[in-house]
1. So which aspartates and glutamates pass the test for Lys17, namely a Cα distance under 18 Å, with those fewer than 8 places away in the same chain ruled out?
2. 5 Å is the cut-off here: which amide hydrogens, built 1.01 Å from N in the peptide plane, fall below it relative to Ser71, excluding neighbours closer than 5 in sequence?
3. Specify which residue in the list Cys30, Cys75, Ser52 is farthest towards the positive end of the charge dipole of segment 8-94, using unit charges on the beta carbon of Lys, Arg (+1) and Asp, Glu (-1), about the Cα centre.
4. Could you give P(r) for segment 1-159, binned at 10 Å from zero, as whole percent values over all Cα-Cα pairs?
5. Residue-wise, which Karplus ³J(HN,Hα) couplings in Hz belong to segment 48-61, taking 6.51 cos²θ - 1.76 cosθ + 1.60, θ = phi - 60°, and x for glycine or proline?
6. With θ taken as phi - 60° and the coefficients 6.51, -1.76 and 1.60, list the Karplus ³J(HN,Hα) couplings across segment 142-152 in order, rounded to whole Hz; mark glycine and proline as x.
7. Can you list the equivalent-ellipsoid semi-axes of segment 11-103, largest first and in whole Å, using the square root of 5 times each Cα gyration tensor eigenvalue?
8. Using the count of nearby Cβ atoms within 10 Å as a rough guide to exposure, how do Thr110, Thr56, Thr187 rank from fewest to most?
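Throughout, read-outs are computed from the coordinates displayed, never taken from laboratory work. Predicted model, so just to flag it, every value in this text is computed and none were measured. Cβ placement follows ideal geometry from the backbone for every residue including glycine, while neighbour counts extend to all protein chains displayed.
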Amino acid sequence: MIRWIFAGRRPSPVTAKDPTLELLKSDWRCSSCDEWHHGLMDIAAQSPDPWSYDRTYEPNSALRLDGNFLSEDFCVLDGKYFFVRAVLEIPVHGLDNEWGFGCWSTLSQTNFEKYADGFDDGMFEDDGPWFGWLTNQLKFYFEDPDPIAVDVVPQLGRQRPRLFVQEEDHPLAIAQRDGISAEAMLTLLRACGHGPAIQ
Ligand SMILES: [Zn+2]
């Protein structure tokens, strides 16, 4: 019979901690807005970039399709251009939660109305994807002079629609697929006007 002998504890692999990653997991004081942020914070654009009017939100329930309208989730420009608030997620290496970029995408009037009709119940006539153009630039990091085509995927249960960049080789599509480093995430946050003080 084989006798099993105790062979000692196997040392666990030592991994150096990435200080940027640790920072993004902790509470940090923002050098720009002077507030405390808790871990990785999502960033949201208040309106589509082409919206040049007052950014005070009207209630979603007041939605009109003519003229100009802006609420938390809907935007209509000149009665001709239709936008919805969505989220584009980017994984960060070493973090469990994805980073969410709250941003706006165009929709055709037909799909916009479909979205508005199902908004309260979080149930839609079809589950997309609907075609859209991303209308907020992630300044300095994924700045692109050309408009970026996205799939707008409506979500059940009143979650905001998720966006996926259509062009597979676009840096933003690669970031969505493969994730970015904590360092790159920090650069992005700083470009959006938030970042921990440099120690
Ligand atoms: Zn801040």
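1. The qualifying aspartates and glutamates are Asp27, Asp96, Glu183.
2. Glu58
3. Of Cys30, Cys75, Ser52, it is Cys30.
4. The calculated distribution, bin by bin, is 9, 29, 27, 17, 7, 5, 4, 2, 0.
5. Listing the rounded values in order: x, 4, x, 6, 10, 9, 4, 9, 6, 6, 8, x, 3, 5 Hz.
6. Those phi angles translate into 10, 5, 9, x, 8, x, 9, 7, 10, 8, 9 Hz.
7. Semi-axes, largest first: 39, 15, 10 Å.
8. Neighbour counts put them in this order, fewest first: Thr56, Thr110, Thr187.
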